[in-house]
1. With respect to Thr25, determine if the residue is assigned to a loop (DSSP other than H, G, I, E, B) and either more than 10 Å from the ligand (Cβ to nearest atom) or within 8 Å of the chain's Cα centre (by Cα) (or both).
2. Hey, can you tell me all the residues within region 1-22 that are out of contact with any Ser or Thr (no Cβ under 9 Å at 6 or more places or on another chain), more than 8 Å from the ligand (Cβ to nearest atom) and hydrophobic (A, V, I, L, M, F, W, C)?
3. In this structure, does Gly3 turn out to be exposed (fewer than 13 other Cβ atoms within 10 Å of the Cβ) and at pLDDT below 95?
4. Is it the case, given these coordinates, that Phe20 is touching a residue at least 40 places away in the same chain (Cβ under 8 Å), on the phi < 0 side of the Ramachandran plot, open to solvent by 70 Å² or more (accessible area, probe 1.4 Å) and within 11 Å of the chain's Cα centre (by Cα)?
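The values are calculated or read from the model by the stated rules, or taken from the named source; none is laboratory data. All values reported here derive from a predicted model rather than from experimental measurement. Positions of Cβ are backbone-derived with ideal geometry, glycine not excepted, and every protein chain shown enters the neighbour counts. Side chains are part of the model used for accessible areas, which takes the heavy atoms of the whole protein and leaves out ligands, DNA and RNA. Shrake-Rupley method; radii C 1.70, N 1.55, O 1.52, S 1.80 Å.
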Amino acid sequence: MAGSFYRVECPDCENEQIVFGKAATTVNCAVCGHQLAQPTGGEAILEGEVTETVEAR
Ligand SMILES: [Zn+2]
């Protein structure tokens, strides 16, 4: 079963970044280093606003 990708806007610097919904590792903002995704073993906890959901096909 494939997961989804999300476009997440960083709450600190408004950088938009694509994050895998089931990220297995912590994902940090490429610009300021703010943590955007925290792995849980399933769906990652996303910080910041999801501006777009990109369904995997
Ligand atoms: Zn940032």
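1. On the way: assigned to a loop (DSSP other than H, G, I, E, B): yes; either more than 10 Å from the ligand (Cβ to nearest atom) or within 8 Å of the chain's Cα centre (by Cα) (or both): yes.
It is true that Thr25 is assigned to a loop (DSSP other than H, G, I, E, B) and either more than 10 Å from the ligand (Cβ to nearest atom) or within 8 Å of the chain's Cα centre (by Cα) (or both).
2. Met1, Ala2, Ile18, Val19, listed by residue number.
3. In short, no.
4. In short, no.
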